[in-house]
Amino acid sequence: MKTSRIPGFYLLSIEQRIEKLAEVYELGVEEVEALSSQGALALEQADKMIENAVGIYSLPMGVGANFLINDKEYLVPMAIEEPSVVAAASFAAKIIRCAGGFKTTSTEPLMIGQIQVVHCEDFEAAGAAVLAAKDELIAEGNQYVANLVTRGGGVKDIEVRQLGSPESPYGQMLVVHVLIDTCDAMGANLINTTAEGLAPSIEKLTGGRVYLRILSNLADRRLAKATVEIPPHCFNTSKLNGEDVIEGIVQAQNFAVLDPYRAVTHNKGVMNGVDAVIMATGNDWRSVEAAAHAYAARSGQYRAMTEWYRNEAGNLVGELELPMAVGIVGAAVSLHPMSQIALKFLRVRSARELAEVCVCVGLAQNLSAIRALATDGIQKGHMALHARTVAMTAGATGDMIDDLAAQLVSLKDVSVSRARQILEEQTAPTP
């Protein structure tokens, strides 16, 4: 697309937004109908996806605008129920755009399959035996993922780890790591199949007993990183000085590094952005969440996922690196009609590119949040958007929603009880 900047997009009706996107992305009739429906997923599909299905739980899907990543424009699909997240990410992306946009890097899509071995007579010798047979194990493992091998992926390496000790209450064990390049898939089923397939050979080599054979969701070999550098003038407004804004952002970062109580909330904001893209594209947000929080604690203390600091030029530098096990192919991604539309919006060519977009959105969301916290406070913008949800909860419909929301904000009382009181006064019969 020529630009991800769509001035006034939020002012359009939802029908007009869909019409505009249909024109830009050349959406088919079925895709337009899916966007216009209240779920898109058929009950028959839902019944085959999970057990005991009784309905479909829908989430709003919006688009984050203004994203310029490696000089490429992105309109980013985001599925989330929380007000202000899409607006905040778009706002921060606009600031970052002023500074040249995001720059990203990522590693190869290497995932880890774990094989747990216990009851070895000599754990050192058992580990050495596995490593000595590495080539044979790789060859055997690739038989289970032949399709990956044809695309340049497959089993790439075998590693061993010694855990515990004879004196430990948890015992001693050998853990074999099978490193698999899953190409453009998240790869969970492929990894599990390979780990289970290799288990008999591992038992034979070690003389031990294999129990667990499962992927690790701590995908720390599959990283994506986003970086921005923003000069002070990009933060200037009629009321705010860019230098002061940067100082506030750096202090917010320092707080999240030093205090895990703050770090959890800081990182929740990061994941507001990341998860919304993961959800929209049909990926496993629980896996990504678990990996991200574990990675944030890799130093031994839970810390901020981000880095924000002022460089020698006086510019604000922001970085976010996370494990990012996402795919653009696979059953889950392909089955849901909305995930296919989301990927069409993104126009990503690989799982690595999708991972890079995800960390950019996470970094943007975090920037918007800590900028607000360090200046006007988070409630000023958030409550204005939250007021619409409150208005609907109170029973407002149609044009009444925005009118009631505006009244609540003006009264500085964004509560369901106040909203209901106003509605009752407006709808009471005239005596």
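Once the trypsin sites (Lys or Arg not before Pro) in DSSP loops with at most 15 neighbouring Cβ atoms within 10 Å are cut out of the chain, the longest remaining piece is 3-150.
Spin-label pair Val24-Ser417: with each label point 7 Å from Cα along the Cα-Cβ axis, the two points sit 4.3 nm from one another. In a simple Cβ point-charge model (Lys, Arg +1; Asp, Glu -1; nothing else charged), the range 219-337 has a dipole of about 340 debye relative to its Cα centre. Loop-resident chymotrypsin sites (Phe, Trp or Tyr not before Pro) (DSSP state other than H, G, I, E or B) in the range 40-78 with no more than 11 further Cβ atoms inside 10 Å of their Cβ: Tyr57. In terms of Cα atoms, the Rg and Dmax of the range 1-112 work out to 17.1, 50 Å. May I ask for the Rg/Rh ratio of the chain, computed from Cα atoms with Rh as the Kirkwood radius, given to two decimals? Rounded to two decimals, Rg over Rh is 1.03. Within the range 96-138, list the residues whose amide N lies under 14 Å from a label point set 7 Å along Cα→Cβ of Asn192. Once the point is set 7 Å along Cα→Cβ of Asn192, 113-114 turn out to lie under 14 Å by backbone N, inside the range 96-138.
Counting other Cβ atoms within 10 Å as a rough exposure proxy, the listed residues Met400, Met305, Met49 run Met49, Met400, Met305 from fewest neighbours to most.
Inter-part distance, the range 17-90 to the range 117-157, computed on C-alpha centroids, equals 40 Å.
Sorted largest first, the principal axis extents computed over the alpha-carbon atoms of the range 110-216 equal 45, 24, 17 Å. Of the GluC sites (Glu not before Pro) in the range 83-171, the ones in a loop by DSSP (not H, G, I, E or B) with at most 15 other beta carbons within 10 Å are Glu121, Glu167.
Cysteines in the chain that lack a partner Cβ within the 4.7 Å cut-off: Cys120, Cys183, Cys358, Cys360. Only the Cβ atoms of Lys and Arg (+1) and of Asp and Glu (-1) were treated as charged; on that basis the dipole of the range 381-427 about its Cα centre amounts to roughly 200 debye. Panel note: the C-alpha atoms of the range 83-128, placed on their principal axes, show extents of 62, 27, 14 Å (largest first). Take every pair of alpha-carbon atoms less than 8 Å apart whose residues are at least six positions apart; their mean separation over the length of the chain yields a relative contact order of 18 percent. For the range 386-426, the residues whose backbone nitrogen is under 19 Å from a point 7 Å from the Cα of Leu11, taken along Cα to Cβ, are 399, 402-403, 406.
Given +1 at the Cβ of Lys and Arg, -1 at the Cβ of Asp and Glu and no other charges, the dipole of the chain around its Cα centre is 660 debye to the nearest 20.
Any read-out appearing in this document is the output of simple, stated calculations on the displayed coordinates, not a laboratory observation. What you see is a predicted model; the values in this text were computed from it and never measured. Reconstructed Cβ throughout: ideal geometry from the backbone, glycine too, with neighbour counts over all protein chains shown.
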